Amino acid sequence: MKDNIVATYMGGKIVSEEKYEMPHGSHSEGVIYKWEIPKGIPCFAETYAKIGMFYYDSDWNWLIPVIEKIENTEISGDFRTFKYRFIIYKNECVIEEYNWDRITYQTYNWHPYVKIEGKNKIKATYDCIVEFLNKQTK
């Protein structure tokens, strides 16, 4: 589930799971996962987050802290440092990457790292974040 990727990035994690049986003799089982609450979620949503109900894909109150965390992230490798910024316009989202070479002190211009067009602004931004996180974990 894509929301789990975002929740994990924000510090959430599954701490336990509970199995339950469906009512009315259907003989079906389900699982409820209990989560450690991710950072940055709206205060009114803690109950939802504890059982893995995340609304990153539909509520800016959930999504803005993720955008801020990505924009405040600086990734340093052996020779380069990377930073990121968002451009959100209409139903399109672009996460641009900037890198700086620490050996030659050469800087490179901002260039698109992930670009997504969606059915609306929040969907495009959410999908762009998920694609960004997938690229970061490869």
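What follows draws every value from the coordinates through simple rules; no lab data is involved. No experiment lies behind these values; they were computed from the predicted model shown. Because the Cβ atoms are built from the backbone with ideal geometry, glycine has one as well, and the counts that use them run over all protein chains shown.
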Problem set entry | Helix axis angle, 60-71 relative to the chain longest principal axis, alpha carbon, degrees | 40 degrees
Seminar exercise, completed: In Å, the C-alpha Rg and Dmax of the range 1-55 are 12.9, 40
Exercise. What pairs from K13/K69; K2/K123; K69/K138 go past 21 Å between their alpha carbons?
Worked result: none
Problem set entry | Simple label model, 7 Å out from Cα along Cβ direction - E17 to N4, nm | 0.8 nm
Exercise. Among the Cys residues of the chain, which have no other cysteine Cβ under 4.7 angstrom away?
Worked result: C43
Exercise. For the residue pair T104 and A45, what label-to-label distance in nm results when each label sits 7 Å from Cα along the Cα-to-beta-carbon direction?
Worked result: 4.3 nm
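To the nearest 20 debye, what charge dipole does the chain have about its Cα centre, counting +1 at the Cβ of each Lys and Arg and -1 at the Cβ of each Asp and Glu?
260 debye
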Exercise. Label I32 and D78 with points 7 Å out from Cα along Cα→Cβ: what is the distance between them in nm?
Worked result: 5.0 nm
Exercise. Put +1 on the Cβ of every Lys and Arg and -1 on every Asp and Glu Cβ in the chain; which of V6, M53, N109 then has its Cα farthest towards the positive end of the dipole?
Worked result: N109
Problem set entry | Under 13 Å from the K123 label point (7 Å along Cα→beta-carbon), backbone N, the range 1-38 | none
Exercise. Using the Cα gyration tensor of the chain, with a ≥ b ≥ c the square roots of its eigenvalues, what is the shape: rounded (a/c below 1.5), prolate (a/b larger than b/c) or oblate (neither)?
Worked result: prolate
Problem set entry | Sparse-neighbour loop sites [trypsin sites (Lys or Arg not before Pro); the range 1-110; at most 14 other C-beta within 10 Å; DSSP] | K39, K90, R102
For this session: Determine the dipole magnitude for the range 82-126: charges of +1 sit on the beta-carbon of Lys and Arg, -1 on that of Asp and Glu, nothing else is charged, the reference point is the Cα centre, and the result goes in debye to the nearest 20.
Result: 240 debye
